[in-house]
Amino acid sequence: MNSVHPVSLGSLHLESNVFLAPLAGYTDRVFRGLCLSKGAALAYTEMVSCEGVFRESVKTVALMERADGEKNLAVQLFAPDSDTVIRSVDGVMKYSPSLIDFNCGCPVPKVTKTGAGSALLSKPEEIGKIVKVLVTSTGLPVTVKIRAGWDCDNLNYLKTADAAFSCGASAVCMHARTKSQLYMPYAHWEYLYDLKAHFPEKVIIGSGDLFSAADGIRMLEQTGVDAVAFARGAI
């Protein structure tokens, strides 16, 4: 069986299951355009602050500008709660995105201390509320980026994924590390295998320790995930 194949994220049908993951400071329109030209089927924007969109911050909204030839615009948002998200929807929709991704995985302290990013891993119910708000208010496919949990004593990826799917998420992307692990020492691909085993009918996107094309094929074959998202490896 060919590991690389078309995949659908809700109503969005993509030519392959190889994506560029969102990377703050890197996946701007130029880098996205480069990766798309080299075969990425989808390229996520940098993290876009819902609060910044609501306040019409010039630097924030510029992150949603399409790359040349970017057919499908995948905007990744972050916020601490559903109230902040709903205030940003009108501003986000001005850029005609094809898909919305919501970040529940960023481990950086300046994000988590606001209650956003990985801080939401401890609030599956809020993740569900955010997904429901985005699905109902945009009518677009919504994906959710998570980590395996806050730390190895608090692995709750099954619970957070269930909250997202139950409220209408089209896919869940998991970086197979905990928040506390940051980017070391290695990604636990067995968590991805477990996540896919628990949600066999749902779209699971894998991320973590993908530094070559061979790594991507290996993750698809070993874990059974439906797609892979290259982050640091793409740089």
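Put +1 on the Cβ of each Lys and Arg and -1 on the Cβ of each Asp and Glu in region 112-217; which of Val142, Asn156, Ala187 then has its Cα farthest toward the positive end of the dipole?
Comparing the listed Cα positions along the dipole, Val142 ranks first.
Might you tell me the accessible area per residue for the chain, computed with a 1.4 Å probe and given in Å²?
Accessible surface, normalised per residue, equals 44 Å².
Looking only at region 139-223, where both bridge partners belong to it, what percent of the DSSP beta bridges are antiparallel (to the nearest 5)?
10 percent
Would you rank Ile217, Ile235 by solvent-accessible area, highest first, keeping every protein chain in place and using a 1.4 Å probe?
So, going from the largest accessible area down, we get Ile235, Ile217.
Enumerate the aspartates and glutamates that Lys71 could reach by cross-link, defined here as Cα to Cα under 16 Å, with residues fewer than 8 away along the same chain left out.
Within reach: Glu15, Asp28.
What number comes out for the charge environment of Asp101, summing +1 per Lys or Arg and -1 per Asp or Glu over other residues with Cβ under 12 Å away?
0
Pop the C-beta distance of Tyr183 and Lys38 into the FRET formula with R0 = 25 Å and round what comes out to the nearest 0.05.
Once rounded, the FRET efficiency stands at 0.60.
What does the charge add up to near Arg29, with Lys and Arg as +1, Asp and Glu as -1, over the other residues with Cβ less than 9 Å from its Cβ?
Neighbour charge sum, excluding Arg29 itself: -2.
Between region 26-79 and region 146-214, how far is it from one alpha carbon centroid to the other, in angstrom?
The distance from the Cα centre of region 26-79 to that of region 146-214 comes to 22 Å.
In what sequence, largest accessible area first, do Glu221, Glu51 appear using a 1.4 Å probe?
Glu221, Glu51
Please give the net charge around Val7, taking every other residue with its beta carbon less than 14 angstrom from that of Val7, where Lys and Arg add +1 and Asp and Glu add -1.
After counting each charged neighbour, the total is -1.
Ignoring ligands, DNA and RNA, what percent of the 1.4 Å accessible area of the chain is carbon and sulfur?
Carbon and sulfur: 55 percent of the exposed surface of the chain.
Per residue of the chain, what 222 nm ellipticity follows from adding -39500 (n - 2.57) for every DSSP H run with n ≥ 4, rounded to the nearest 500?
Rounded to the nearest 500, it is -9500 deg cm²/dmol.
The values are calculated or read from the model by the stated rules, or taken from the named source; none is laboratory data. What you see is a predicted model; the values in this text were computed from it and never measured. Glycine gets a Cβ as well: all are built from the backbone with ideal geometry, and neighbour counts include every protein chain shown. Ligands, DNA and RNA are excluded from the accessible area calculation, which covers all protein heavy atoms including side chains. Shrake-Rupley method; radii C 1.70, N 1.55, O 1.52, S 1.80 Å.
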